[in-house]
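Peer 1: There's a structure below that I have some questions on.
The values are calculated or read from the model by the stated rules, or taken from the named source; none is laboratory data. A quick note: this is a predicted structure, and the numbers were derived from the prediction, not measured. A quick note on method: Cβ atoms are made from the backbone with ideal geometry, for glycine too, and the neighbour counts reach across all protein chains shown.
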Amino acid sequence: MSTEAAVLAQPVSLAKAIASPRYLAWRRGQRREGFTIRAIQVLLVVVLLAAWELGARMHWMNPMLTSYPSAIWFGLRAMVLEGTLGSHLSVTLVEVSISFILAMALGTTLAVLLWLSPRAERVMDPFLVVANALPKVALVPIFYIWLGPELSIYGIAVAIAVFIVALMIFTGFRQTDPNKIKLVRTLGASRAQMLSKVVLPGSVPTLIAAMKANAALSLVGVIVGEFQSGKAGLGYLITYDSQIFQMDRVMVSVVLLGVISLAMYVAIQGLEALLMGRRK
Amino acid sequence: MSAPPKIAFKDVCLHYFGEHGETEALRDIGFSIAAGEFVAIVGQSGCGKSTLLSLLAGLMRPTSGAVLIDGREVIGPSPSVGFMLQQDTLFEWRTILENTLLGPEIRGDNRIEARRRAEGLLERYGLGEFKHHRPAQLSGGMRQRAALARTMCLEPDILLLDEPFSALDFQTRLALGDEISTIIRRSGKTAILVTHDIPEAISIADRVVVLSRRPGRVRAEHAIAFPSCGTERPGAIAAREAVEFPGLFDIVWQELDVHVD
């Protein structure tokens, strides 16, 4: 046992100390493969942008309808110089952030309540299935009438995200290792303690997955909400610019939405690395 | 009147109820265990031996009959009963020390005192320098010793061991069985080991209770002694070498009535 313990106490970087030529060659191969994949990705983007630019300029396709990269770039510059883009961007960012937090909080609370009361879960099951399956976009006009132009944006964003979040988290709760539950039961844990000591900390990967789904869905909800009722925000800009047929400007907003969703994804990924890294 | 036995099963019957009918798991179980005794329960899989432990731990109630600890009926989990499962079920998000402190945390013990107790236990089980490691960094044997520390940290009178060695490789299993049974024996606690491994049962326990196939009934009980080894009971590994060992094995093996079908 003691020798086993001693071996285990060593860091696992044994390979570094006695790196054989074969191992080094393998590492070089790995690095080269990684580099090749990045290069192909960059190339793909460049080729796509070039084809788009060329196609529009050579009038293989109608630039009025498709716009093209350099026009989008100039559109962006013009919009920044007008000075209103920043405020539209921040309106959307605030709406998305608040909706994300609300959907996460409500969804988690719902999942916790369902877990605490198995009877409530069985009663609510068909209602949740219908609520989740219902195309929430159909509620946009109703929310507009009920909540007014501003609150309806939050309403629709939360409605779109919250059920998926709740169901994902609840499913994660249910997949908690039954032996861990049995163990804390033998230690005399109450149901609330089971939740705080086992179920919640054991569901961190699920919570992260739910956040990723929530980020995407909140963004969808906010944009759809702005289409209907916004006086500002990127969704409003897209509707407005498309109605006056300014495709360059529409594309600018779409690109910015892509950047926002990427940023949210990267942030959640960072949180995941932080939380999971503490477990190693 | 003499004091009641540490543990007593009185005409315990247990039926499982499910969508597809009723299963009789245990029938008329009646035996008792004295304080400080180490008893092994052997039987084939599905004979209800783990169910006996769940009844003792207060995780379920018998359909009829009663389970008594110190003469009092078991009606729910009690801090005087410690449970070790087949899987070590260490929480991967906690360090070894934090895992050891799980029981005291749930019970709401004094933190400082519990921590001192936990550190003492880990030190004694050879895990002192690993207390800030994560379970994933430890071998199977070390993890199971950490699980023992977690159980012991609540200072239970009674230890329930539900095949705690069966997930380990053969060498670790022998060494750890020897080590853990010695620790438990020295602590003077009452222990019940459930296993399907006959040599393990004989080498560790003072008494072996053989359960029949489902529905589980007590088929036989055997006091285990190794007179050839002197007055002191030999450790689990030494016991396997004793001259009495093969005879005991044969008796239990016959009673288990193993059919391969």
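Peer 1: Could you say whether any residue in the range B:125-144 is part of a helix (DSSP H, G or I), aliphatic (A, V, I, L, M), over 26 Å from A:Ser203 (Cβ atoms) and not assigned by TED's automatic domain parsing to the domain that holds B:Ser187?
Peer 2: Scanning the range B:125-144, I find at least one residue that is part of a helix (DSSP H, G or I), aliphatic (A, V, I, L, M), over 26 Å from A:Ser203 (Cβ atoms) and not assigned by TED's automatic domain parsing to the domain that holds B:Ser187, so the answer is yes.
Peer 1: Since B:Ser166 meets every condition but one in (1) at pLDDT 90 or above; (2) surrounded by fewer than 16 Cβ atoms within 10 Å (Cβ to Cβ); (3) under 30 Å from B:Arg213 (Cα atoms); (4) not charged (D, E, K, R), which condition does it not meet?
Peer 2: Status for B:Ser166: all satisfied but (1).
Peer 1: When you go through A:Val252, A:Val162, A:Val199 one by one, which is the residue that is surrounded by 16 or more Cβ atoms within 10 Å (Cβ to Cβ), touching a Phe, Trp or Tyr at 6+ places or on another chain (Cβ under 8 Å), assigned by TED's automatic domain parsing to the domain that holds A:Glu150 and in contact (Cβ under 8 Å) with a residue 40 or more places away in the chain? Explain how you work it out, then say what you get.
Peer 2: Values: A:Val252 fails: touching a Phe, Trp or Tyr at 6+ places or on another chain (Cβ under 8 Å); A:Val162 fails: touching a Phe, Trp or Tyr at 6+ places or on another chain (Cβ under 8 Å).
Being surrounded by 16 or more Cβ atoms within 10 Å (Cβ to Cβ), touching a Phe, Trp or Tyr at 6+ places or on another chain (Cβ under 8 Å), assigned by TED's automatic domain parsing to the domain that holds A:Glu150 and in contact (Cβ under 8 Å) with a residue 40 or more places away in the chain holds for just one of A:Val252, A:Val162, A:Val199, which is A:Val199.
Peer 1: Moving to a separate point now. Considering only residues that are in contact with a Ser or Thr (Cβ under 9 Å, 6 or more places away or on another chain), over 26 Å from A:Tyr144 (Cα atoms) and assigned to a helix (DSSP H, G or I), which ones fall in the range A:201-246?
Peer 2: Correct list: A:Gly202, A:Thr206, A:Leu207, A:Ala210.
Peer 1: Please find, within the range B:1-52, the residue that is farthest from the chain's Cα centre (by Cα) out of those that are at pLDDT below 85, closer than 20 Å to B:Gly71 by Cβ and loosely packed, with under 13 Cβ neighbours inside 10 Å.
Peer 2: Taking the candidates together, the pick is B:Met1.
Peer 1: Ok, one more. Does the range B:176-196 hold any residues that are more than 23 Å from B:His15 (Cα to Cα) and either touching a residue at least 40 places away in the same chain (Cβ under 8 Å) or polar (S, T, N, Q) (or both), and which are they?
Peer 2: Pass one, the range B:176-196, residues more than 23 Å from B:His15 (Cα to Cα): B:176-191.
Selection gives B:Gly177, B:Asp178, B:Ser181, B:Thr182, B:Ile183, B:Ile184, B:Arg185, B:Ser187, B:Gly188, B:Lys189, B:Thr190, B:Ala191.
Peer 1: How many of the residues in the range B:91-135 are more than 24 Å from A:Ile181 (Cα to Cα), among the aromatic types (Phe, Trp, Tyr) and touching an Asp or Glu at 6+ places or on another chain (Cβ under 9 Å)?
Peer 2: So the answer is 1.
Peer 1: Turning to a different aspect of this structure: From the list B:Gly128, B:Gly120, B:Gly140, which one is over 16 Å from B:Met84 (Cβ atoms) and in contact with a Leu (Cβ under 6 Å, 6 or more places away or on another chain)? Working first, answer last.
Peer 2: Numbers: B:Gly120 fails: in contact with a Leu (Cβ under 6 Å, 6 or more places away or on another chain); B:Gly140 fails: over 16 Å from B:Met84 (Cβ atoms).
Sole residue among the options that is over 16 Å from B:Met84 (Cβ atoms) and in contact with a Leu (Cβ under 6 Å, 6 or more places away or on another chain): B:Gly128.
Peer 1: For B:Arg173, only one of the following conditions fails: (1) touching a strand residue (DSSP E or B) at 6+ places or on another chain (Cβ under 7 Å); (2) part of a helix (DSSP H, G or I); (3) among the basic types (Lys, Arg). What is its number?
Peer 2: The number of the failed condition is (1).
Peer 1: If you don't mind, there's one more thing I want to ask. Exactly one of these conditions fails for B:Ala57: (1) in contact (Cβ under 8 Å) with a residue 24 or more places away in the chain; (2) touching a strand residue (DSSP E or B) at 6+ places or on another chain (Cβ under 9 Å); (3) over 29 Å from B:Ile202 (Cβ atoms); (4) at the interface with chain A (Cβ under 10 Å from one of its Cβ atoms). Give me its number.
Peer 2: Exception for B:Ala57: condition (3).
Peer 1: Could you run through the range B:79-124 and say how many residues are within 13 Å of chain A (Cβ to nearest Cβ) and in a helix (DSSP H, G or I)?
Peer 2: Of the residues in the range B:79-124, the ones within 13 Å of chain A (Cβ to nearest Cβ) are B:79-96, B:98-109, B:114, B:122.
Then keep just the ones that are in a helix (DSSP H, G or I); that gives B:96, B:98-100, B:102-107, B:114, B:122.
Qualifying residue count, the range B:79-124: 12.
Peer 1: Between A:Met79, A:Met61, which is away from chain B (no Cβ under 14 Å), at pLDDT 90 or above, in contact with a Gly (Cβ under 8 Å, 6 or more places away or on another chain) and within 30 Å of A:Met247 (Cβ to Cβ)? Can you show your working first?
Peer 2: Values: A:Met79 fails: in contact with a Gly (Cβ under 8 Å, 6 or more places away or on another chain).
Step by step, each of A:Met79, A:Met61 is checked, and only A:Met61 is away from chain B (no Cβ under 14 Å), at pLDDT 90 or above, in contact with a Gly (Cβ under 8 Å, 6 or more places away or on another chain) and within 30 Å of A:Met247 (Cβ to Cβ).
Peer 1: Also: Of these, A:Ser196, A:Ser203, which one is modelled with pLDDT under 95, within 17 Å of A:Ile169 (Cβ to Cβ), within 21 Å of the chain's Cα centre (by Cα) and among the polar types (S, T, N, Q)?
Peer 2: Details: A:Ser196 fails: within 21 Å of the chain's Cα centre (by Cα).
Testing whether each residue is modelled with pLDDT under 95, within 17 Å of A:Ile169 (Cβ to Cβ), within 21 Å of the chain's Cα centre (by Cα) and among the polar types (S, T, N, Q) leaves just A:Ser203.
Peer 1: Give A:Gly155, A:Gly188 a once-over and let me know the one that is within 28 Å of A:Gly235 (Cα to Cα) and either outside the structural domain of A:Tyr144 (by TED's automatic domain parsing) or out of contact with any strand residue (DSSP E or B) (no Cβ under 6 Å at 6 or more places or on another chain) (or both). Steps first, please.
Peer 2: Numbers: A:Gly188 fails: within 28 Å of A:Gly235 (Cα to Cα).
None of the others qualify; the one that does is A:Gly155.
Peer 1: Looking at (1) buried (at least 23 other Cβ atoms within 10 Å of the Cβ); (2) out of contact with any Gly (no Cβ under 8 Å at 6 or more places or on another chain); (3) not β-branched (Val, Ile, Thr), which is the only condition B:Asp206 fails?
Peer 2: (1)
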